[in-house]
Amino acid sequence: MDMEEGSRVWKTIFVVYLVLLFILVVIKFQELAERIASNREYPWSTNLVPFASIRTQLGHMTQWWAVKNVVGNIVCFIPWGFLMPLAYPKVQKFWRMLGIALGGILAIEIFQLLTGWAHLMWMTLY
């Protein structure tokens, strides 16, 4: 396998990983939407303070929901750190990789924020 073909394989693997990550985010939000729909009194809140929810979860690490959220978030993003430089060798520089990873995480957070707001607006209409 030559270098170009190897790069194509890693790019394909990275894209499949991103699709699976997106599906996981959508499923997570679908579960939340179902929880909200089943209980109209659910206190919807938006947190725009970086790491505030992580601090809360770390304070409750004896409870399963906190462990699941913290470990799940870490495990979901581990492949990003090693697949992206393999798929895109120009990204191997630390600061480039960090910037792209933070941009990707920010995009996911914005997606969650917008879909949460969209669901809340839908709930108020019906």
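The values are calculated or read from the model by the stated rules, or taken from the named source; none is laboratory data. Quick caveat: nothing in here was measured; it's all calculated off a predicted structure. Cβ coordinates were reconstructed from backbone atoms using ideal geometry, including for glycine residues, and neighbour counts include every protein chain displayed. In case anyone asks, the SASA skips ligands and DNA or RNA and just uses the protein heavy atoms, side chains included. Shrake-Rupley method; radii C 1.70, N 1.55, O 1.52, S 1.80 Å.
Report, by residue number, each residue of the stretch 55-64 that is closer than 19 Å to Glu109 by Cβ and either among the aromatic types (Phe, Trp, Tyr) or without any contact (Cβ under 8 Å) to a residue 12 or more places away in the chain (or both).
The answer is Arg55, Thr56.
Residue by residue through the stretch 1-44, note down the ones that are at pLDDT below 65, of a type in the set (A, V, I, L, M, F, W, C) and within 30 Å of Pro89 (Cβ to Cβ).
Of everything in the stretch 1-44, just one residue is at pLDDT below 65, of a type in the set (A, V, I, L, M, F, W, C) and within 30 Å of Pro89 (Cβ to Cβ), namely Met1.
Mind listing whichever residues of the stretch 60-111 are in contact with a Pro (Cβ under 8 Å, 6 or more places away or on another chain) and open to solvent by less than 80 Å² (accessible area, probe 1.4 Å)?
Residues satisfying the conditions are Val91, Met97.
Please list, ordered by first then second residue, the pairs with beta carbon atoms under 9 Å, 6 or more apart or interchain, first in the stretch 68-79 and modelled with pLDDT under 85, second charged (D, E, K, R).
So the pair list comes out as Gly72/Lys28.
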